[in-house]
Amino acid sequence: MKVPVGILISGRGSNMLSLIEAAKAPDYPAEIVLVLSNRETAPGLHLAAQHGIPTIAVASKAFGADREAHERAVQGELVRAGVQVVCLAGYMRLLTPYFVGQWAGRMLNIHPSLLPKYPGLETHQRVLEAGDKIHGCTVHVVTDGMDEGPIVGQAEVAVLPGDTEESLAKRVLAAEHLLFPRALKDFLKRDKNTT
């Protein structure tokens, strides 16, 4: 029995696509039942629809500054779709305690650094400025603290001489596309074994 997963996106959905592709395998433990975006124009919505995945936009701008009201609308759509686990794949919204609480222990995020190093934004720039030789990405369980939840999986990427933010970001993104499906699979199998 596959676990129904909802993916939240804000943009092009490249990590979303890696999850959709992985879920096509008969032995993959997740089924992608909904892709939801806070932006009506997110290219990832069209991409998901091309793969036969139900999509919906719950535009955050329609709710003004009331983030929790927006999240309640998002929550309603996730519940209607029967979602049991949420994956944040380039969802560019800070989540309120209300929403995090609704999905406690059942929401994963992918972050472009080897957490706990470099939480937040501009990770590639910060890695280059620090002179680090290793960078990477992390899938973690979402908690109230930004990028602080338990780590599910990580992938390392070498920082090469002459790297720019763009060249490093491109390689980290390629690693994310491999890591997220593997981490979701591991998370669901672990979760199944503990219940």
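Just so you know, all these numbers are worked out from the coordinates, no wet-lab data involved. In this text, all values refer to a predicted model and were calculated from it rather than measured experimentally. Because the Cβ atoms are built from the backbone with ideal geometry, glycine has one as well, and the counts that use them run over all protein chains shown.
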(request) Determine, for the stretch 3-193, the count of lysine pairs separated by eight or more sequence positions (or lying on different chains) whose alpha-carbon distance falls under 26 Å. (result) 9
(message) With a cut-off of 8 Å between alpha carbons and a minimum separation of six or more residues, what is the relative contact order of the chain in percent?
(response) 20
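Which of the DSSP-defined H helices in the chain satisfy a minimum axial length of 30 Å, computed from C-alpha atoms, and a minimum mean Kyte-Doolittle hydropathy of -1.0?
For the chain, where a helix must reach 30 Å along its axis and average at least -1.0, the hits are 165-194.
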(request) Please report Val33, Val139 as a ranked list, fewest other C-beta atoms within 10 angstrom at the top and most at the bottom. (result) Val33, Val139
(request) Hey, can you grab everything whose amide H is under 5 Å from the amide H of Ala57? Only 5+ residues off in sequence or another chain; H modelled, so Pro and N-termini drop out. (result) Ser37
(request) Report, by chain and number, residues whose modeled amide H sits under 5 Å from the one on Ile7, excluding near sequence neighbours (fewer than 5 apart, same chain). (result) Leu34, Val35, Leu36, Cys87
(message) Please check: in the Gaussian network model of the chain (C-alpha springs, under 10 Å), which one of Ile134, Ile32, Ile110 has the largest mean-square fluctuation.
(response) Ile134
(message) For the chain, give me the percentage of DSSP beta bridges that are antiparallel, rounded to the nearest 5 percent.
(response) 40
(request) Please build a GNM for the chain, connecting alpha carbons under 10 Å apart, and tell me which residue among Gly64, Gly101, Gly82 fluctuates the most. (result) Gly64
(request) For the chain, set up a Gaussian network in which alpha carbons nearer than 10 Å are linked by springs, and say which option among Gln125, Gln154, Gln84 fluctuates the most. (result) Gln125
(request) Take Lys2, Lys185, Lys61 and order them by how many other Cβ atoms sit within 10 Å, fewest up front. (result) Lys61, Lys2, Lys185
(request) Using just the helices of the chain, give the 222 nm mean residue ellipticity in deg cm²/dmol: DSSP H runs with n ≥ 4 each add -39,500 (n - 2.57), and the total is spread over all residues, rounded to 500. (result) -12500 deg cm²/dmol
